[in-house]
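Asker: Can you keep this structure in mind? I'll have questions shortly.
The values are calculated or read from the model by the stated rules, or taken from the named source; none is laboratory data. Note that the structure is predicted; figures quoted are calculated from it, not measured. So basically every Cβ, Gly included, is an ideal-geometry build from the backbone, and we count neighbours across all protein chains shown.
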Amino acid sequence: MQGTNRTGTRGAWGVIVVVLLIGVHLVRGGAEELRAEGPPQPLAVAAPDGTRAAGTGPAPGSVPDPLPASPPVRVRVPAVRIDAPVTEVGLDADGWIEAPPPEDDHLTGWFTGAVTPGERGTAVVVGHVDTPRGRAVFYDLGALGKGHRVEIVRRDGRTAVFAVYGVEVVPKEDFPAERVYGDAGLPELRLITCGGTFTRETGYEGNVVVSARLVEVR
């Protein structure tokens with residue numbers, strides 16, 4: 001990816017810089033059949049500061065203190081009726097983020113190269129938009145808007161609640177990794193699935209990226 005330095009990085013962001021230079025291809029093929037009606041796509045980025053980009057969220061305000069590390073076990077997004085288990089995903093042999101197993105289209109994946117949700121930094125949860133059988137867990141992700149809540153149940157029993165401040169489609173082949181994954185100094189979350197234009201030859205050409213910030217701990 002142009003403009004990204006492979007050296008001088010440490011921690012979760014350092015891992016992401018190295019392995020995501022070519023974008024996020026977590027669902028490389030998309031659906032095998034081109035459907036007349038595709039998944040919802042963001043109409044525009046819903047950033048409260050007027051920008052059209054993820055990673056430029058609201059002022060800190062009353063953001064809760066960061067939590068200690070604890071893996072996520074479930075993700076809930078009430079506005080689009082998502083209530084799904086979370087598994088751990090890493091990198092495949094080609095250096096791309098692994099997608100959850102396609103035979104379980106209701107499963108999401110927490111990328112273990114990033115922080116756990118609620119820690120300081122940017123946590124990443126991915127999921128299929130569809131499979132050859134039809135809609136999958138993150139099919140409606142593009143319908144989210146500013147202020148919608150994302151609840152992450154953690155293994156330690158806490159629930160980290162995030163407020164959405166940005167929704168966008170970004171190109172896979174020119175993925176703005178530093179902007180999407182950069183550490184804003186606060187506990188943040190990215191939900192990612194495939195989106196944008198779909199063709200039989202290349203699948204989905206973009207990624208839907210939902211950006212959210214920690215606002216509550218239960």
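Asker: Would you point out the residue of region 183-200, among those that are of a type in the set (V, I, T) and modelled with pLDDT of 85 or more, that is surrounded by the most Cβ atoms within 10 Å (Cβ to Cβ)?
Answerer: T193
Asker: I would also like to ask the following. Considering every residue within region 97-113, establish whether at least one is of a type in the set (D, E), over 19 Å from V164 (Cα atoms), surrounded by 20 or more Cβ atoms within 10 Å (Cβ to Cβ) and in contact (Cβ under 8 Å) with a residue 40 or more places away in the chain.
Answerer: No.
Asker: Separate question: Can you go through V89, V164, V126 and tell me which one is among the β-branched types (V, I, T), touching a strand residue (DSSP E or B) at 6+ places or on another chain (Cβ under 6 Å), crowded, with 22+ Cβ neighbours inside 10 Å and more than 16 Å from A212 (Cβ to Cβ)?
Answerer: That would be V89, the only listed residue that is among the β-branched types (V, I, T), touching a strand residue (DSSP E or B) at 6+ places or on another chain (Cβ under 6 Å), crowded, with 22+ Cβ neighbours inside 10 Å and more than 16 Å from A212 (Cβ to Cβ).
Asker: Further, regarding this structure: Please find, among E201, E205, E119, E216, the residue that is part of a loop (DSSP other than H, G, I, E, B), acidic (D, E) and touching a Pro at 6+ places or on another chain (Cβ under 8 Å).
Answerer: None of the others qualify; the one that does is E119.
Asker: Being touching an Asp or Glu at 6+ places or on another chain (Cβ under 7 Å), at pLDDT 95 or above and under 22 Å from G113 (Cβ atoms): is that true of V153 here?
Answerer: Judged against the criteria, V153 is not a match.
Asker: If a residue has to be modelled with pLDDT of 95 or more and among the β-branched types (V, I, T) to count, how many in region 90-109 make the cut?
Answerer: 1
Asker: Looking only at region 168-182, count how many residues are crowded, with 16+ Cβ neighbours inside 10 Å and either assigned to a loop (DSSP other than H, G, I, E, B) or at pLDDT 95 or above (or both).
Answerer: So the answer is 4.
Asker: Give me the residue from region 139-151 that is more than 13 Å from V169 (Cβ to Cβ) and not β-branched (V, I, T) and, out of that set, surrounded by the most Cβ atoms within 10 Å (Cβ to Cβ).
Answerer: It comes out as Y139.
Asker: Counting just the residues of region 152-161 that are outside any loop (DSSP other than H, G, I, E, B) and out of contact with any Leu (no Cβ under 8 Å at 6 or more places or on another chain), which one comes out surrounded by the fewest Cβ atoms within 10 Å (Cβ to Cβ)?
Answerer: Looking at the filtered set, the residue picked out is T159.
Asker: I'd like the full set of residues that are aromatic (F, W, Y) and closer than 26 Å to D65 by Cβ, limited to region 157-176.
Answerer: F162, Y165
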